[in-house]
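This report concerns only the one structure given below.
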Amino acid sequence: MFRITLPLLKRFVQLAVIISLITAFSALFSLIYVMTSGGPGYGTTTLEFFIYQQAFTQQNFGIAATAGVVLFVGVFVISMIQVRLLRSDD
């Protein structure tokens, strides 16, 4: 089990973790938009909802684009750390 099955499943586990990470950063948008619209104050605002607010509500496309790049870089860095940790010895 530990010498054959788990090492062969490592790539599938890695893919599932990366997809779950991306989903975790983007799954809450619809709930926040429908239920609270980011309020009260900025209590339920996530980075993806902040990007939406800046771009389409306040017309600050530069800030929204910058925040989008920050979100992409954050997810990319976390994914690369995870890839390095689960790197196989093949």
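The values are calculated or read from the model by the stated rules, or taken from the named source; none is laboratory data. Worth saying up front: this structure is predicted, and the values here are computed from it rather than measured. Heads up, the Cβs are rebuilt from the backbone with ideal geometry, glycines too, and the neighbour counts pull from every protein chain shown. Accessible surface areas use protein heavy atoms only, side chains included; no ligands, DNA or RNA. Shrake-Rupley method; radii C 1.70, N 1.55, O 1.52, S 1.80 Å.
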Has segment 63-72 got at least one residue that is of a type in the set (Val, Ile, Thr) and open to solvent by less than 70 Å² (accessible area, probe 1.4 Å)? no
From the option list ILE19, ILE51, single residue qualifying as closer than 18 Å to VAL73 by Cα, open to solvent by 80 Å² or more (accessible area, probe 1.4 Å), at pLDDT 85 or above and not hydroxyl-bearing (Ser, Thr, Tyr) is ILE19
For segment 53-64, indicate whether the set of residues that are touching a residue at least 24 places away in the same chain (Cβ under 8 Å) and farther than 26 Å from ARG11 by Cβ is non-empty. no
Could you please find all residues in segment 73-90 being exposed (fewer than 11 other Cβ atoms within 10 Å of the Cβ), of a type outside the set (A, V, I, L, M, F, W, C) and in a helix (DSSP H, G or I)? ARG84
Write out, first by first residue and then by second, each pair whose Cβ atoms fall under 9 Å of each other, whose residues are 6+ apart or on separate chains, and whose first residue, in segment 79-90, is farther than 13 Å from LEU8 by Cβ while the second is loosely packed, with under 10 Cβ neighbours inside 10 Å and at pLDDT below 75. none
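Among PHE12, PHE25, PHE29, PHE2, which is the only one that is at pLDDT below 85 and either in contact with a strand residue (DSSP E or B) (Cβ under 8 Å, 6 or more places away or on another chain) or exposed (fewer than 11 other Cβ atoms within 10 Å of the Cβ) (or both)? I'd like the intermediate steps shown before the answer.
Numbers: PHE12 fails: at pLDDT below 85; PHE25 fails: either in contact with a strand residue (DSSP E or B) (Cβ under 8 Å, 6 or more places away or on another chain) or exposed (fewer than 11 other Cβ atoms within 10 Å of the Cβ) (or both); PHE29 fails: either in contact with a strand residue (DSSP E or B) (Cβ under 8 Å, 6 or more places away or on another chain) or exposed (fewer than 11 other Cβ atoms within 10 Å of the Cβ) (or both).
Of the residues listed, the single one that is at pLDDT below 85 and either in contact with a strand residue (DSSP E or B) (Cβ under 8 Å, 6 or more places away or on another chain) or exposed (fewer than 11 other Cβ atoms within 10 Å of the Cβ) (or both) is PHE2.
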